[in-house]
1. On the protein heavy atoms, probe 1.4 angstrom, tell me the percent of accessible surface of the chain carried by carbon and sulfur.
2. Rounded to the nearest whole Å², what accessible area per residue is found for segment 299-425 with the 1.4 Å probe?
3. Which of the aspartates and glutamates could be linked to Lys421 by a straight reach, that is with a Cα gap under 15 Å, when you skip same-chain ones fewer than 8 residues away?
4. What net charge is computed for the residues neighbouring Gln21, neighbours being all others with C-beta under 15 Å from the C-beta of Gln21, Lys and Arg scored +1, Asp and Glu -1?
5. Taking the Cα centre of the chain as origin and charging only Cβ (+1 Lys, Arg; -1 Asp, Glu), how large is the dipole, in debye to the nearest 20?
6. Roughly how many whole Å is it from the C-alpha centroid of segment 198-218 to that of segment 387-431?
7. May I ask which of Lys192/Lys234; Lys266/Lys306; Lys244/Lys266; Lys205/Lys234; Lys205/Lys266 have a Cα-Cα span longer than 30 Å here?
8. Pulled fully out, how much extra length does the chain show between Asn2 and Gln366, if you take 0.36 nm times their separation in residues and subtract their Cα-Cα distance?
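The values are calculated or read from the model by the stated rules, or taken from the named source; none is laboratory data. If you're wondering where the values come from, they're calculated on a predicted model, not measured in any experiment. Backbone-built Cβ (ideal geometry, glycine too); neighbour counts: all protein chains shown. Please note that ligands, DNA and RNA were not included when accessible areas were found on the heavy atoms of the full protein model with its side chains. Shrake-Rupley method; radii C 1.70, N 1.55, O 1.52, S 1.80 Å.
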Amino acid sequence: MNISVFGLGYVGAVTAACLAQKGHHIIGVDLHPSKVAAFNEGISPIVEPGLDALLKAGSSSGQITATQNAADAVAKSDVSIICVGTPSLPSGSLDLNYVLSVARQIAGALTASKKQHVLIFRSTMLPGSTRRIVGEVFAELVQAGSLQIFYCPEFLREGTAVRDFDEPSLAVVGTEDGSSVPEEIAGLLGGKPELLRWEGAEMIKYSCNYFHALKVGFANEIGRLCKQLGEDGKRVMQVVCEDKKLNISSYYMRPGAPFGGSCLPKDVSALHAFVRHEGMSLPLLENTLATNAAHQQLFVQLIESKQKRRIGFLGLAFKADTDDLRGSPLVAAAETLYGRGHSLSIFDPQINLSRLIGSNEQQIQQRMPHLAQLMKSTANEVLQNSDVIVISQKCATLEALLPDVRPDHHIIDMNGWDELKGLPCQYDGICW
């Protein structure tokens, strides 16, 4: 395949060299004459293990050439990949001027040639950027069916970029509507890609980088606290990472209900108080409770936004297959809504109020002493007596619920039970 790569910086250089190694013919495009000249001589513009040899081999074989002429590169290629930089502005927002400039050059060349073409955005851009640029620059070409546009974020680490290209940790392709992608595009940049809409693919890149930044910040805060205590923070985090079932896993990485239960709220609160007592500043740890409280508040707002007074809960414990009501975000929401005058109906098959003991019983007696009057014996009773139904657990099968589902019902899904979308009612997810 003939491919033009716009921007011969870090991402562009690695992308061009690795694609050439896979047998594609590459035309590099850059505004800087020195980069173009270096590329044509097989000289890497950056220091990156393995890149020099790939560029030298590609240049010697004629598979890699470079030019400053964007129109000529587009004319000689089937696919264009935009890899130009998106630097930060003084305000912290993103500067898309380089991307827009290249996009307009490509659009002009395609309008003049009227050829079929594929365009891949690889530059890091905030969610919504691809759709905005398509609307401003490429709308006529897309409507005419002469241009296909994809967003494919890169996950290349400096120092291991060539290996990361060949063995990507993650592969993502964004399309306008998240639908299927041609096989030759799906496999072009390596891996078996996950398909999302443009906005989802853009968000994946930021989600990954934000998570990496949080991990670094978390490890450093734990390290600082350990050092204050005379403990080896490096060793503590090493042991934390030995847990591959929960700590280094996807287990807690699912949007949904706020965290709750008898452990997380208590232990986060205790360490928060301990940090304050030690006189230390650990902003990530200190704000964990605040972000959970904000999520709880938005959860209640979502329920009340339906402007209905009769609220039902399928599931009240903080977690399925348990009767633990301590720290449950569902109990907190029910308590708030009841206090604001809403009528509540609740079903949770694991909760038998007569069997609650210890602090579990004490908390519910303090917070919702009237709970017994709100409990229903079946999920269907909840549906019959409610207009908004908050579903946090699979308390009944869809087939059992179906006879009592009404078109005016509002279902709020707390934990991603996707099949609920098929019920004949109005569906909303807490984070989707």
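1. In the chain, the share of accessible area belonging to carbon and sulfur is 53 percent.
2. 46 Å²
3. Qualifying aspartates and glutamates at Cα under 15 Å: Glu399, Asp408, Asp413.
4. -2
5. It works out to roughly 440 debye.
6. Segment 198-218 and segment 387-431 have Cα centres spaced 30 Å from each other.
7. Lys192/Lys234; Lys266/Lys306; Lys205/Lys266
8. 124.0 nm
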